[in-house]
Amino acid sequence: MENSMNDKAQDKKALREALIAQRLELPDRLERADLLQRVMRIWLVGRPDTVIGAYWPIKGEFDPLPALHRWKEDGELLDGPELKRIGLPVVNKLHKTMTFHAWYPGCPMEEDAYGILKPKATEMVQPTLLFVPCVGYAAGGYRLGYGGGFYDRMLASLNPKPFTVGLGFTQGYLDDFAPESHDMPLDAILNDNGVVWPI
Ligand SMILES: Nc1nc2c(c(=O)[nH]1)N(C=O)[C@@H](CNc1ccc(C(=O)N[C@@H](CCC(=O)O)C(=O)O)cc1)CN2
Ligand SMILES: Nc1ncnc2c1ncn2[C@@H]1O[C@H](COP(=O)(O)OP(=O)(O)OP(=O)(O)O)[C@@H](O)[C@H]1O
C-alpha cells in the first residue's frame, strides 16, 4: 500500500518534470502564446466579471497578463467608471493558503516563499474568475500543477467558488490522466487551439 502510493507520487513527479522541461524547450512558444492570448480575449467577451485572478508566469508558463491588461483597459473604455481589477496569487507557505492581491502593470513586486513574484502591499481582491496555470491538463477539466495543492485547497474552502479556467499550451495535453479524489475539475480549459474543455 505504502509502496503503491509512493510509486504514484513518483510517477506524478516525473511527469511534472518532463512536461516542464518540454515546455521550456517549445520551439514556437511565441506564436503559441500569441494564439492563446487571442483565444483568451475572445473567450472573455460577454463574461460579466470585474475581478479576474491570474498568475505571474514561471518555468515557461503562458503569460496571461498582456491579454488581461487589455481586457481591463477595453472594459473601462466601454463600461465607463466601473473599475476592472486583476489579482495575482499570494501564498502563505506555512498555512498552505493562497489569496489574490491587486496587480497593475508596473506594480511593485517582491518574491514569495517559492521565489515567485507577488504584488507588494496591494489590497486583497476576490476574483469571480480565475485563470489557472497548468503543467498538464486532461479531458474532464483535470489539471496537473506543481504539487503544492494550492488551487485545490483554496477552491475547497471558497463559497461561492470562482469560475476556473485552465490555461496551457497544446503540449501539456494528457491523454491518460487519473485524477485523485482531492482534484477539483476546472470549469473550462483553453489552449492555443481554442477551447479544450468543455467540448
Ligand atoms: N506562476 C504561478 N504562480 C503560482 C502558482 C503556479 O502554479 N504558477 N501556484 C500554484 O499553485 C502557486 C504556487 N504553487 C507552488 C507549488 C509548489 C512549488 C514548489 O516549488 N514546490 C517544490 C516542492 C515543495 C517545497 O519546496 O516546499 C518543488 O516543486 O520542488 C512552488 C509553487 C501560486 N503561484
Ligand atoms: N482540499 C484539500 N485539502 C487538503 N489537502 C489537499 C487538498 N487538495 C490537495 N491537497 C494536498 O495537496 C497536495 C498536492 O496536490 P496535487 O498534487 O493535486 O497538487 P497540484 O494541483 O499539482 O498543485 P498546485 O495546485 O499547487 O499547482 C497533495 O498532497 C494533497 O493531499
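Values computed for the structure shown
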{"item": "Segment 179-193: number of residues that are among the polar types (S, T, N, Q), assigned to a loop (DSSP other than H, G, I, E, B) and at pLDDT 95 or above", "result": "1"}
{"item": "Qualifying residue in segment 14-32 (condition: farther than 17 Å from PRO133 by Cα, assigned to a helix (DSSP H, G or I) and within 15 Å of ligand 2 (Cβ to nearest atom))", "result": "yes"}
{"item": "Selection within segment 65-93 - modelled with pLDDT under 95 and of a type in the set (A, V, I, L, M)", "result": "LEU77, LEU78, LEU83"}
{"item": "Failed item, numbered, when GLY60 is tested on (1) within 15 Å of the chain's Cα centre (by Cα); (2) away from ligand 2 (no atom under 16 Å from the Cβ); (3) among the small types (Gly, Ala, Ser)", "result": "(2)"}
{"item": "Residue list for segment 174-194, restricted to those being surrounded by 17 or more Cβ atoms within 10 Å (Cβ to Cβ) and more than 15 Å from the chain's Cα centre (by Cα)", "result": "LEU174, PHE177"}
{"item": "Every residue from segment 36-50 that is part of a loop (DSSP other than H, G, I, E, B) and either under 16 Å from the mean Cα position of the chain (by Cα) or not polar (S, T, N, Q) (or both)", "result": "VAL45, GLY46, ARG47, PRO48, ASP49"}
{"item": "Filter result for the condition that a residue is more than 15 Å from ligand 2 (Cβ to nearest atom) and either within 23 Å of ALA14 (Cβ to Cβ) or hydroxyl-bearing (Ser, Thr, Tyr) (or both), over ASP152, ASP176", "result": "ASP176"}
{"item": "LEU158 vs. criteria surrounded by fewer than 15 Cβ atoms within 10 Å (Cβ to Cβ), among the hydrophobic types (A, V, I, L, M, F, W, C) and within 12 Å of ligand 2 (Cβ to nearest atom)", "result": "yes"}
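Yes/no per residue for (1) farther than 22 Å from MET184 by Cβ; (2) surrounded by 19 or more Cβ atoms within 10 Å (Cβ to Cβ); (3) touching a residue at least 24 places away in the same chain (Cβ under 8 Å):
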site: ARG41; (1), (2), (3): yes, no, yes
site: TYR55; (1), (2), (3): no, yes, yes
site: LEU83; (1), (2), (3): yes, no, yes
site: THR97; (1), (2), (3): no, no, yes
site: PRO105; (1), (2), (3): yes, no, yes
site: ILE116; (1), (2), (3): no, no, yes
site: MET124; (1), (2), (3): no, no, yes
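The values are calculated or read from the model by the stated rules, or taken from the named source; none is laboratory data. Quick caveat, the model's predicted, so the values are computed rather than measured. Cβ atoms come from the backbone with ideal geometry, glycine included; neighbour counts cover every protein chain shown.
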